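Asker: Take a look at the following structure, please.
The values are calculated or read from the model by the stated rules, or taken from the named source; none is laboratory data. Keep in mind the model is a prediction, meaning the values are calculated, not measured. Every residue, glycine as well, gets a Cβ built from its backbone with ideal geometry; the counts of neighbours run over all protein chains shown. Heads up: the accessible areas ignore ligands, DNA and RNA and are worked out on the full protein's heavy atoms, side chains in. Shrake-Rupley method; radii C 1.70, N 1.55, O 1.52, S 1.80 Å.
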Amino acid sequence: MNKNSILEQAFDPQSFKWQAEQVVHVLVDYLQNAQSEAIITNHYQSPEDSLAYWQKHFDHIPFDLNHFLEMVLDRSMHLHHPKYVGHQVGVAVPLSALMSLVSSMLNNGMAVYEVGQVSSALERIVIKELAPYFGYGEQADGVLTSGGTLGNLTALLTARACKAKESVWESGHTQKLAIMVSEEAHYCVDRAVRTMGWGEEGVIKVPTDAEFRMRTELLTPYFLEAQQKGIQVIAVVGSACTTSTGTFDDLKAIGAFCKAQDLWFHVDGAHGAAAVFSPEYQPLVDGIEMADSVVMDFHKMLLIPALTTGVFYKDGKDSYRTFHQKAHYLWNNQEEAEWFNYGKRTFECTKLMMSLKVYALMKAYGIQLWEEYVTRMFNLGKEFAQLIRHTPNFELAVEPDCNIVCFRYAPTIPTQDLEELNNQIHLNLYEKGEFYFVKTKLKGKTYLRTTLMNPFTSITHLQALLEQIEEEGLKLTQTIDRYSSIS
Ligand SMILES: Cc1ncc(COP(=O)(O)O)c(C=O)c1O
């Protein structure tokens, strides 16, 4: 190949060395600046401004790696900042992020053992080592997949294969099928059901109590009602925990119901299954050992870069029933339960070498890393709730089970104005960028929502957040005539 060809340049090891050094150098500074709060969490740009900015860069500015990195970092959300208390996305441990780089470079596809010897073996070890934390025995097995959404769909496809009376994979189905799940479950469960073609009737939403926990006493009447309508309920999904408020369903009660009715019991533990690593908080997931399958996102409460999700099965044999795909260019026999050809059991064909990220953290820091982290963040959730309860003009939505805390600024003004006030506080402070938190609607009311993800967030930061909200709230109530005439 011509030495000056673009291809030759793109693959030149010395260029890579130089580029990698620049990237690491910039990221080291970034990590220091974010952790020491030398920068703010987020510089807000409207979608139009952001697009125009990058279009201009694409059209007119020559590529300079350092400049490009600077631009990307300046305009990104900084999860490593202790004032990041927004969505449930994990704060990546740098070692694990480096494993993403290795995975991207090697690009071993993983669908079959031949192109994923290392990552397949590591995946097996990770799953087998972690399954006992769910109270699972020797027969347990599972797979890593790209996100909780896909993980929940995969587990529900397995449930369908194991529990539907008809052989749906081969011939479709004539009988109406459904699952039961709390009305507060993540939307991806609803999406999985509709993706399987069961429509709205296929997802029976069980109401929740005042704390947003599934009312398990309603499982029997809802199940009987479905039966009367000719719908075969095949599974119940327990939330551990719900997304909006971080509430853990009573898994023991759901497990007992599923056992009595011979239903598949699936736990969506995308966020909260990590409680199994904290002796203090493990009781939140009592009953998880009864589940036929559990989904746990490593990229939420386990400090690993997205996307990395585990789908764990109590009986590993079930995992081979999900898909029956003839693919002679990959494997000879679909029926054979070959643990090492992961493509037989995952939705993905080509898959990232995600096991590297998990394995490296487990080896370097041990389970103690997760134990410390989960306990610390869940404790902080409780401490923050206590602070909110004792701060005038603030109202806690619900006593938190974990590190998701919802509350609102609630001075004495008419209820409808509180909605507008909290929406405006959220918008103004998001644009300001010092803190990043989100909002949600609970039983028709707007609440500010924090998920305490950053291991360096302290109660002092959260105190400062409340002060900033109060300050903004006061400014708004004074500048909006309608409020000031009342307050
Ligand atoms: C309870 C729960 N399940 C599933 C998901 C979806 O996971 P992912 O974003 O990895 O697809 C989320 C995401 O927030 C969640 O909170």
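Asker: Taking the stated definitions as given, is ALA240 surrounded by 23 or more Cβ atoms within 10 Å (Cβ to Cβ), touching a residue at least 24 places away in the same chain (Cβ under 8 Å), among the small types (Gly, Ala, Ser) and more than 13 Å from the ligand (Cβ to nearest atom)?
Answerer: Numbers: surrounded by 23 or more Cβ atoms within 10 Å (Cβ to Cβ): yes; touching a residue at least 24 places away in the same chain (Cβ under 8 Å): yes; among the small types (Gly, Ala, Ser): yes; more than 13 Å from the ligand (Cβ to nearest atom): no.
Answer is no for this residue.
Asker: All but one of (1) within 26 Å of the chain's Cα centre (by Cα); (2) crowded, with 22+ Cβ neighbours inside 10 Å hold for LEU421; state the number of the condition that does not hold.
Answerer: (1)
Asker: Given HIS81, HIS87, HIS60, which one is at pLDDT 95 or above and open to solvent by less than 30 Å² (accessible area, probe 1.4 Å)? It would help to see each step written out before you state the result.
Answerer: Numbers: HIS87 fails: open to solvent by less than 30 Å² (accessible area, probe 1.4 Å); HIS60 fails: open to solvent by less than 30 Å² (accessible area, probe 1.4 Å).
After applying the criteria, what remains is HIS81.
Asker: In region 181-221, which residues are of a type in the set (S, T, N, Q) and surrounded by fewer than 20 Cβ atoms within 10 Å (Cβ to Cβ)?
Answerer: In the first step, residues of region 181-221 are kept if they are of a type in the set (S, T, N, Q); the result is 182, 195, 208, 216, 220.
Scanning region 181-221 gives THR195, THR220.
Asker: Collect the residues in region 222-237 that are more than 24 Å from THR149 (Cβ to Cβ) and either within 16 Å of the ligand (Cβ to nearest atom) or open to solvent by 30 Å² or more (accessible area, probe 1.4 Å) (or both), keeping them in residue-number order.
Answerer: TYR222, LEU224, GLU225, GLN227, GLN228, LYS229, GLY230
Asker: Another one. From the list GLU48, GLU21, GLU70, pick out the single residue that is open to solvent by 70 Å² or more (accessible area, probe 1.4 Å) and closer than 23 Å to LEU95 by Cβ.
Answerer: On the way: GLU48 fails: closer than 23 Å to LEU95 by Cβ; GLU70 fails: closer than 23 Å to LEU95 by Cβ.
Answer to the check: GLU21.
Asker: Return the pair list, or none, for Cβ contacts closer than 7 Å from residues in region 313-324 that are more than 11 Å from ALA155 (Cβ to Cβ) to residues that are surrounded by fewer than 20 Cβ atoms within 10 Å (Cβ to Cβ) and among the polar types (S, T, N, Q), at least 6 apart or on different chains.
Answerer: Close Cβ pairs (under 7 Å, with a partner that is surrounded by fewer than 20 Cβ atoms within 10 Å (Cβ to Cβ) and among the polar types (S, T, N, Q)) amount to ASP315/GLN139; GLY316/GLN139; HIS324/GLN334.
Asker: Any residue at all in region 375-388 that is open to solvent by 60 Å² or more (accessible area, probe 1.4 Å), under 30 Å from SER50 (Cα atoms) and not aliphatic (A, V, I, L, M)?
Answerer: No: region 375-388 contains no residue that is open to solvent by 60 Å² or more (accessible area, probe 1.4 Å), under 30 Å from SER50 (Cα atoms) and not aliphatic (A, V, I, L, M).
Asker: Kindly evaluate ALA337 against the criterion of being without any contact (Cβ under 8 Å) to a residue 60 or more places away in the chain, outside any strand (DSSP E or B) and touching a Phe, Trp or Tyr at 6+ places or on another chain (Cβ under 6 Å). Before you say what the answer is, go through the steps one by one.
Answerer: On the way: without any contact (Cβ under 8 Å) to a residue 60 or more places away in the chain: yes; outside any strand (DSSP E or B): yes; touching a Phe, Trp or Tyr at 6+ places or on another chain (Cβ under 6 Å): yes.
Yes; evaluated as a whole, the condition is true for this residue.
Asker: Within region 124-139, is there a residue that is away from the ligand (no atom under 16 Å from the Cβ), in contact with a His (Cβ under 9 Å, 6 or more places away or on another chain), in the same structural domain as PRO283 (by TED's automatic domain parsing) and closer than 30 Å to GLU217 by Cα?
Answerer: No - not one qualifying residue is present in region 124-139.
Asker: Another one. Given PHE312, PHE347, which one is open to solvent by 60 Å² or more (accessible area, probe 1.4 Å) and touching a Ser or Thr at 6+ places or on another chain (Cβ under 7 Å)? Even if it seems obvious, please write down each step before you answer.
Answerer: Working: PHE312 fails: open to solvent by 60 Å² or more (accessible area, probe 1.4 Å).
When all the criteria are applied, what remains is PHE347.
Asker: Considering region 248-269 alone, what residues qualify as being within 14 Å of the ligand (Cβ to nearest atom) and in contact with a Ser or Thr (Cβ under 7 Å, 6 or more places away or on another chain)? Give the steps one after another, and end with the answer.
Answerer: From region 248-269, those within 14 Å of the ligand (Cβ to nearest atom) are 248-249, 251, 266-269; that's our starting set.
Listed by number, the residues that qualify are ASP249, HIS266, ASP268.
Asker: Something else now. From the set of residues in region 279-302 that are buried (at least 24 other Cβ atoms within 10 Å of the Cβ) and part of a loop (DSSP other than H, G, I, E, B), which is nearest to the ligand (Cβ to nearest atom)?
Answerer: Step by step, filter region 279-302, then rank; the result is LEU302.
Asker: Could you check region 243-254 and list, in sequence order, the residues that are open to solvent by 30 Å² or more (accessible area, probe 1.4 Å) and in a loop (DSSP other than H, G, I, E, B)?
Answerer: THR243, ASP250
Asker: Quick one: which of LEU51, LEU65, LEU69, LEU98 is more than 29 Å from the chain's Cα centre (by Cα) and farther than 30 Å from ILE459 by Cα? Even if it seems obvious, please write down each step before you answer.
Answerer: On the way: LEU51 fails: more than 29 Å from the chain's Cα centre (by Cα); LEU69 fails: more than 29 Å from the chain's Cα centre (by Cα); LEU98 fails: more than 29 Å from the chain's Cα centre (by Cα).
Only one candidate qualifies: LEU65.
Asker: Starting from region 78-89, take each residue that is outside the structural domain of PHE435 (by TED's automatic domain parsing) and list its partners that are basic (Lys, Arg) and within 15 Å of the ligand (Cβ to nearest atom), counting only C-beta distances under 6 angstrom and pairs at least six apart or across chains.
Answerer: Correct list of pairs: GLN88/LYS300.
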